[in-house]
Amino acid sequence: MEKKPRAAAAVGGGGGSRGEASGSSEGGGLVERLPEALLVEVLGRLEVDDACSAAASCRALHGAAAAAISAITTIDLSAFAPSNAILSRILEGNGAVRSLTVNCSLLDDSAASVIAKVSLRELSLLKCSFTMSFFMAIGERCRNLRSLKLEVAVAPDVLYSRYSGFSTCLAPIYAGCIYLETLWVKFPLLDPHTADSETGLPFLPSNLKELLLQPASHSRAKTVFPRTISLKKHITDSLESLSLVLDTITDELVMLITSNVRNLVELCLEDEPVTQPNLPEDLTNVGLQALGLCHNLRHLSLTRRYCDFKRVNDFGILMLAEGCKQLRAIRLSGFSKVSDAGYAALLHSGKDLKKFEVSNGLCLSDLACLDLDKAAPNITEVRLLNCSLLTSDTAISLAPCTTLKVLDLSGCKSIADSGLVSISQLPKLTLLDLAGADITDAGLSALGNGRCLISSLCLRGCRRIGSNGIASLLCGTGTINKTLVSLDIGNVPRISCRAVTVIAKNCEQINSLCLRNCLLITDSSLEVLGSMGRDSNKCSLRMLDLAYCSKLSRNFLRLLEPPLFRGLRWLGVGKNVVQRRGCNPTVAELLERKPGLTICGNACDMGCRNKCHPDIRFL
């Protein structure tokens with residue numbers, strides 16, 4: 001039975017003494033009389049952290065949890081950073097795991113002895129800083145590995161200069177994992193030029209189907225694609241998905257990709273030029289016309305940060321739309337010269353479109369989304385970020401799109417309450433992002449009485465809402481108080497303790513809560529949150545962001561000590577809290593009492609998902 005857990009806070013092997021102490025109790029005796037096969041079946045249906053918690057109850061559950069965990073085929077340990085010892089206890093004896101994701105912040109090369117499983121097919125290592133010996137172990141033991149995803153926590157020249165570059169470290173994997181089809185290598189986003197010699201582009205295995213490299217300069221990226229015909233098998237013969245984070249996207253690179261990669265289905269190109277590129281080192285309508293020759297393209301992402309694609313206009317987008325009629329996902333950012341005509345052409349180019357995203361569309365207005373339900377009847381995801389011309393009319397236009405599951409209008413400051421009334425009637429909507437919108441408590445009341453099944457809601461920076469609006473949202477006649485698991489109400493000045501109380505009482509299943517920069521939040525709010533789920537004997541809250549909540553007392557960390565906030569995996573605080581002296585308890589003491597907790601003082605977004613930095617435990 002395949003199980004995909006979120007995270008593990010402890011392991012069955014770590015609760016032996018407590019299990020024996022509990023085993024003599026009446027409850028433990030009753031459990032021990034149940035058939036072991038039944039206990040294993042029940043625990044096998046739980047998340048890994050819940051199974052580990054149950055293991056500490058009695059000897060019967062301890063043994064059953066060990067048996068259940070040893071049979072799990074999919075393990076995700078990305079939500080917290082296990083130590084070598086904890087990881088060993090989780091994976092020890094498991095010879096069935098096929099997919100493994102690990103937050104490697106606290107791991108060293110010796111972890112290879114438990115990570116390198118013969119059964120592995122997919123391996124994702126997040127925030128890692130392993131050296132040559134680790135990758136040699138993976139190459140030797142994981143012969144059947146199909147997918148390897150590496151998110152490296154440090155710049156390549158910090159660890160890998162003595163090995164003649166990072167590509168040398170990956171050579172044992174290329175040699176040993178002969179079935180490797182997916183390779184992701186992500187370094188921290190520094191200047192792409194600094195990684196020129198480290199990505200090892202010329203040494204990539206020829207049987208790859210999916211490749212992601214971050215970062216890589218366009219000059220090095222061009223070396224992947226041969227300019228002459230060769231009888232020898234090349235990576236371009238099998239490649240179907242290509243993702244590159246570059247210094248500059250150019251027409252030359254795009255034309256090399258389109259002319260060499262015949263089976264291209266997915267293309268994602270992102271660049272971050274420091275200054276506006278000059279010709280010929282830029283993307284123009286010519287490059288878009290070349291992309292139009294990729295008739296099998298299903299997913300396309302072209303994004304530029306800090307600057308714009310000033311040499312692409314509606315004409316280039318029209319040629320792209322004319323050639324690529326099977327697009328199912330489109331993501332564009334930085335196309336400041338493209339207007340409604342270009343975006344509408346993409347939306348109407350085919351009936352298969354499911355995902356559409358535009359960021360910083362300065363010329364995108366409400367007209368582009370008219371009749372979207374007819375142009376793209378199967379659309380499930382619409383993201384229109386920081387498009388200043390959009391108003392509530394766009395939200396109203398999207399109301400007939402009954403298949404819509406994701407709607408992101410963050411940064412669209414003219415979205416008002418009338419738009420929320422329409423959005424509230426979308427029956428399949430699960431994610432809604434209205435960060436910075438001009439909505440009020442009345443709009444939240446409409447959403448709270450609506451029919452959508454929202455599980456993730458972002459209201460960050462909506463300065464006109466307050467605690468009354470949160471009460472209307474979660475105490476309405478709709479279902480959102482039963483389905484909501486992630487809520488972001490950061491940077492909202494009128495959010496007070498009353499809002500937190502309403503959340504704790506009406507939304508016990510909430511998993512992630514952001515209260516960043518809510519200046520009215522006090523210690524009493526934390527007490528209410530910490531006690532959430534006490535009646536049901538389970539606290540679902542896993543991530544909590546309290547960065548810049550200035551009214552919290554000096555010793556507010558005492559409110560996070562056991563038994564409060566059971567299950568909390570990630571806590572966001574300001575750097576002043578990390579560096580504070582004389583508080584009780586200290587950060588180090590709290591981490592010792594809660595080994596599954598990660599505390600971030602770097603002002604990261606929830607879960608540090610977008611940043612690689614050392615875990616606070618190293619401080």
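How about the range 464-554: which helices (runs of 4 or more DSSP H) wholly inside it have at least 2 residues that are of a type in the set (S, T, Y) and open to solvent by less than 10 Å² (accessible area, probe 1.4 Å)? Explain how you work it out, then say what you get.
Values: elements: 467-474, 480-483, 497-506, 523-530.
Where helices (runs of 4 or more DSSP H) fall fully within the range 464-554, none carries at least 2 residues being of a type in the set (S, T, Y) and open to solvent by less than 10 Å² (accessible area, probe 1.4 Å).
Taking the residues in the range 278-293 that are assigned to a loop (DSSP other than H, G, I, E, B) and open to solvent by 10 Å² or more (accessible area, probe 1.4 Å) as candidates, determine which candidate is nearest to I257 (Cα to Cα). Please lay out each step first, then the result.
Residues of the range 278-293 that are assigned to a loop (DSSP other than H, G, I, E, B), as a first pass: 278-284, 292-293.
Checking the rest, the ones that are also open to solvent by 10 Å² or more (accessible area, probe 1.4 Å) come to 278-281, 284, 293.
Numbers: N278: 21, L279: 19, P280: 17, E281: 16, T284: 15, L293: 11 Å.
Filtering first and then ranking leaves L293.
Any idea which of L385, L364 is buried (at least 22 other Cβ atoms within 10 Å of the Cβ) and at pLDDT 95 or above?
On the way: L385 fails: buried (at least 22 other Cβ atoms within 10 Å of the Cβ).
Residue meeting the stated conditions: L364.
Filter the range 309-335 down to the residues that are crowded, with 17+ Cβ neighbours inside 10 Å and in a loop (DSSP other than H, G, I, E, B) and list them by number.
If the condition is that a residue be crowded, with 17+ Cβ neighbours inside 10 Å and in a loop (DSSP other than H, G, I, E, B), then F309, R311, V312, N313, C324, L327, R328, G334, F335 are the ones that fit.
Could you list, in sequence order, the residues of the range 541-563 that are charged (D, E, K, R) and under 23 Å from P493 (Cα atoms)? Break it down stepwise before answering.
Of all residues in the range 541-563, those charged (D, E, K, R) come to 542, 545, 551, 554, 558, 561.
Hits for the range 541-563 are D545, K551, R554.
Scan L244, L264 and give me the residue that is in a strand (DSSP E or B) and at pLDDT below 95.
Details: L264 fails: in a strand (DSSP E or B).
Only one candidate qualifies: L244.
Could you count how many residues in the range 358-387 are part of a strand (DSSP E or B) and out of contact with any Lys or Arg (no Cβ under 7 Å at 6 or more places or on another chain)?
Of the range 358-387, the ones part of a strand (DSSP E or B) are 358-359, 381-385.
Subset that is out of contact with any Lys or Arg (no Cβ under 7 Å at 6 or more places or on another chain): 358-359, 382-385.
Looking only at that region, the number is 6.
Just for strands (runs of 3 or more DSSP E) wholly inside the range 78-161: which have at least 1 residues that are touching a Cys at 6+ places or on another chain (Cβ under 8 Å) and surrounded by fewer than 22 Cβ atoms within 10 Å (Cβ to Cβ)? Can you show your working first?
Details: elements: 99-103, 122-128, 147-152.
By residue number, 122-128, 147-152.
Please go through the range 388-409 and give me each residue that is open to solvent by less than 20 Å² (accessible area, probe 1.4 Å) and assigned to a loop (DSSP other than H, G, I, E, B), ordered by number.
The answer is L390, C401, L404, L409.
Which residues, taken from the range 202-221, are assigned to a strand (DSSP E or B) and open to solvent by 40 Å² or more (accessible area, probe 1.4 Å)? Talk me through it step by step, then tell me what you get.
Filtering the range 202-221 for residues assigned to a strand (DSSP E or B) gives 210-214.
E210, the sole residue that qualifies.
Answer with yes or no whether T430 is open to solvent by 40 Å² or more (accessible area, probe 1.4 Å) and at pLDDT below 95. Give the derivation first.
Details: open to solvent by 40 Å² or more (accessible area, probe 1.4 Å): yes; at pLDDT below 95: no.
It is false that T430 is open to solvent by 40 Å² or more (accessible area, probe 1.4 Å) and at pLDDT below 95.
Tell me which residues, restricted to the range 411-427, are part of a loop (DSSP other than H, G, I, E, B), of a type outside the set (A, V, I, L, M, F, W, C) and crowded, with 19+ Cβ neighbours inside 10 Å.
Let us first name the residues in the range 411-427 that are part of a loop (DSSP other than H, G, I, E, B), namely 411-413, 415-416, 424-427.
From what is left, the residues that are of a type outside the set (A, V, I, L, M, F, W, C) are 411, 413, 424-425, 427.
Residues satisfying the conditions are G411, S424.
The values are calculated or read from the model by the stated rules, or taken from the named source; none is laboratory data. As the structure is a computational prediction, the values presented were derived from the model and not from experiment. Positions of Cβ are backbone-derived with ideal geometry, glycine not excepted, and every protein chain shown enters the neighbour counts. The area values use the complete protein model at the heavy-atom level, side chains included, leaving out ligands, DNA and RNA. Shrake-Rupley method; radii C 1.70, N 1.55, O 1.52, S 1.80 Å.
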